[in-house]
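Single-structure report; data block below.
The values are calculated or read from the model by the stated rules, or taken from the named source; none is laboratory data. Because the structure is a prediction, the values reported are computed rather than measured. With ideal geometry, Cβ positions are generated from the backbone for all residues, glycine too; neighbour counts draw on all protein chains shown.
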Amino acid sequence: MTDNHCWQKQHSIIFTFSIIPMNLIIQATHTITAAHLDHLAMLAQSRQREQIAGHVYRLHEAQAHPRIASYCFEHQLDYGFVPRGRSLKDFGLLVMDMDSTLIAIECIDEIADMHGFKPQVAAITEASMRGEIDFAEGLRRRVSLLKGLDERALQQVYDERLQLSSGAEVLLAKLKEHGIRTQLLSGGFVFFTERLKEKLGLDFAHANTLEIEGGQLTGRVLGKILDAQGKADWLVKIRDELELRPEQVIAMGDGANDLKMMARAGVSVAYHAKPVVREQASYALNFVGLDGLVNLLS
């Protein structure tokens, strides 16, 4: 874990706007001990704390310190420096990746499992998410391995294996409460994004389309592949249609193909992400669920 890089990215914002008072949000999936809070308060030079949810604390008037990131990671705590007064009501659009972000699986890996070669596809998926191979090329290679698979496998994956990530329902409910629009951008497949869009009441969804002939996957993707640049372009398009400023947009993802999209947003969130994504995001949620975003901006 390159904690120093994470610290440098997140706290460059703090140093730039050092006149803005910052709060340090600490959250976890487990009990946060008094010793943890005391140590972090000492590092951050914070004299006031409050518990804002079950495993969530706010340290007021906090200062950046290079040891906060490594300490939190070591003790499985998520943290974020948030300007005092900033909340969800300041935003108008949340853009999310699908696989391993909104949902807890990689759909293409599970589809491949129906065909008996999940390890081969999963290895390419991992390399793509780490940014080691071009996303579009990696997707073509993975989809080619699905050739001949019965199209019913898609519905089977949706029905039997697709699960929302922890905290998704809480996050989406809070977004609706504040009138924040939602956009799902996926390098995966329309088969899944459209069903999720309808089920969850999302506002926009864009992904790739698998070619199907005679009830079987052909091993090809129709049209231009929605890659990293495509995600960024769709974010900008919807942002402009909604007449929002970049600082009113939050983008959340886990893989290297999300970085261009995240760079177009005022706030970027790495969710259980690869190191290359954590290093460049405004915030990283490594342990808590999607509702961790609500806690950051409560």
Does E194 satisfy the condition of being within 16 Å of the chain's Cα centre (by Cα), modelled with pLDDT of 95 or more, charged (D, E, K, R) and closer than 19 Å to D99 by Cβ?
no
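If you scan the range 101-138, which residues turn out to be aliphatic (A, V, I, L, M) and under 24 Å from T182 (Cβ atoms)?
Taking the range 101-138 first, the residues aliphatic (A, V, I, L, M) are 102-105, 108, 111-112, 114, 121-124, 127, 129, 133, 136.
Hits for the range 101-138 are L102, I103, A104, I105, I108, M129.
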Would you check which residues across the range 274-298 are over 21 Å from M261 (Cα atoms) and outside any loop (DSSP other than H, G, I, E, B) and list them?
N295
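Let's see how each residue does on (1) in contact (Cβ under 8 Å) with a residue 12 or more places away in the chain; (2) surrounded by 22 or more Cβ atoms within 10 Å (Cβ to Cβ); (3) of a type in the set (S, T, N, Q):
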| site | (1), (2), (3) |
| --- | --- |
| T29 | yes, no, yes |
| R49 | yes, no, no |
| I68 | yes, yes, no |
| L88 | yes, no, no |
| M129 | yes, yes, no |
| R141 | yes, no, no |
Going through the range 141-162 in order, the residues found to be within 16 Å of I225 (Cα to Cα) and within 23 Å of the chain's Cα centre (by Cα) are R142
By residue number, the members of the range 207-220 that are within 21 Å of N257 (Cα to Cα) and surrounded by fewer than 20 Cβ atoms within 10 Å (Cβ to Cβ) are T209, R220
Quick one: which residue in Q229, Q216, Q156, Q163 is within 30 Å of T29 (Cβ to Cβ) and of a type in the set (S, T, N, Q)?
Q163
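Could you grab me the full set of residues in the range 112-146 that are among the charged types (D, E, K, R) and either out of contact with any helix residue (DSSP H, G or I) (no Cβ under 9 Å at 6 or more places or on another chain) or outside the structural domain of S100 (by TED's automatic domain parsing) (or both)?
Step one: of the range 112-146, the residues among the charged types (D, E, K, R) are 113, 118, 126, 130, 132, 134, 137, 140-142.
If the condition is that a residue be among the charged types (D, E, K, R) and either out of contact with any helix residue (DSSP H, G or I) (no Cβ under 9 Å at 6 or more places or on another chain) or outside the structural domain of S100 (by TED's automatic domain parsing) (or both), then E126, R140 are the ones that fit.
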